[in-house]
Amino acid sequence: MATAGRKRGRKKKKKVKTMTKKITKLTKKFKATLQLRHQHCTKLIPHLIAAISSAHSFLLRHDLHLLPHQSLSLESLISSSSSSISNIVSLLSLPPPPPRAAPPPRAAVTSPSDDDPLPGCWFQRFLIADSGTLWAETFNLTEPSFTLLLRLLTPSLSSLSVPPNYALALTLYRLAHGASFSAVSRRFGIDSPTACRVFYTVCKAITENLGHLFELKSDINRVIVGFGWISLPNCCGVLGIEKFELGGDLLGENGFLIVQALVDSEGRFLDVSAGWPATMKPETVLRKSKLYLGVEESKEYLNGSSFELNDGNSIPQYILGDSCFPLLPWVLTPYRGESNEEDGAEMAFNSVHKRGMQLVGTAFGRVRGKWKLLARKWNEQCIEAFPFVIVTCCLLHNFLIKCSEAVTDETEEYPRFEEFPVFDGEVDESGKKIRDALASHLFRNHLEFRK
């Protein structure tokens, strides 16, 4: 027994010794490999640093000749590459790389000198250069429209520490390209906290000074005439819902805000109610909105005369509403569960209704395409400011149409969230009668057109 135990002990000891030798051999091989890779990385790092430095110098000296999305992309790449290099250097325990050459100081307002290749901040050099053709690409509006908007907003920007034209340009640049506060601060010669204050002050000024461009009350006759192209008599707009996504854990699984909007036949916004939580049903949003209160309580909206149809029925002023809204005497939603597929009047109404509802999606698509800050997740902590930014962009959308600026449909597609469920509450009988009368009118027009 004792002899057998000693034999097993010797075998175990031999096995451990063999394993130890194997581990030691592999460790030496691993260290040798690491050393070779260390040497290889050490040789490569200076070349990488030189390439990043060259890209940085190129950006500084040619930023006026690059389109905004090009300069922002290059700037982001330089920043991320520099961070990666610093992490690699830290892991390899190498001396820190030499700091990148800092750009010349850029004050908000400076006097350019002949021997300074980069006089003043980027925006000052933009103004000095012959940049008339670049205004639309840089700020999403032409120089004359910028000047007009500046004149409207200047009285509200007197409290800022930067000139009004700088403040407005900074805000439009950030809205147009989704630029970070650090990116716009570098271009306008101020620090990031100041850029943040400037941005929200200008957004506030736009919402306060351009609110009259929501023309539901002031220009309702133009709105009604505009819907004649789809044979909708007395129609005062199309009401829809849109979602805007929030990043991070600001609202958990329901990470988006709801925006209710009324648009006209040209895609102008007539009313916008923004900032409702995703957990709220569309019918609740409607009943809490200023639009609903203005129709049902104060009677300041949709209070015009009725339109007499050929069959003797009259149609009051109304709006088309998405299927997620309740049917009301002034909100006409499509026929759904109660619809008869063989009923020509209902089919005619739903066809026209569908064409009308496309106006809402097109308007929001243009806003997202024009003002890229809204086309991405909102990752900033000041979530309470996001609704004001959305309204700001809708007002700027109307302002550009008012200025006869070219409004084109963006080719880039943005993710569409699933539709809201169809409203399943009680049907308003008065609203049903008005919708039936309008449906019959549309069907008669359809038959007349086919003759």
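Any read-out appearing in this document is the output of simple, stated calculations on the displayed coordinates, not a laboratory observation. Model, not experiment: these values are computed from the prediction. Glycine also receives a Cβ, built like all others from the backbone with ideal geometry; neighbour counts cover every protein chain displayed.
Some notes on this structure:
- Estimated FRET transfer efficiency when R0 is 45 angstrom, pair Asp428-Leu67 (beta carbons, to 0.05): 0.30
- Distance between the modelled labels on Ser231 and Lys204, one decimal in nanometres: 5.1 nm (7 Å Cα→Cβ projection).
- In region 194-347, Cα pairs under 8 Å separated by at least six residues give a relative contact order of 18 percent.
- A full extension of the chain between Ala406 and Leu152 corresponds to an added length of 89.3 nm, given 0.36 nm per residue minus the alpha carbon distance.
- Taking label positions 7 Å along the Cα-Cβ direction at both Ser192 and Ser76, the computed distance is 1.6 nm, reported to one decimal.
- Filtered trypsin sites (Lys or Arg not before Pro), region 283-334: DSSP coil and at most 10 other beta carbons within 10 Å: Lys299
- At R0 = 25 Å, FRET efficiency that the Cβ-Cβ distance of Asn303 and Met280 yields, to 0.05: 0.35
- In a fully extended conformation the segment linking Arg222 and Leu160 would gain 18.5 nm over its present Cα-Cα distance, using 0.36 nm per residue.
- Here each label is just a point 7 Å from Cα along the line to Cβ, and for Leu127 and Asp311 those points are 6.4 nm apart.
- Neighbours of Val198 by Cβ distance under 13 Å: Lys/Arg scored +1, Asp/Glu scored -1, total +3.
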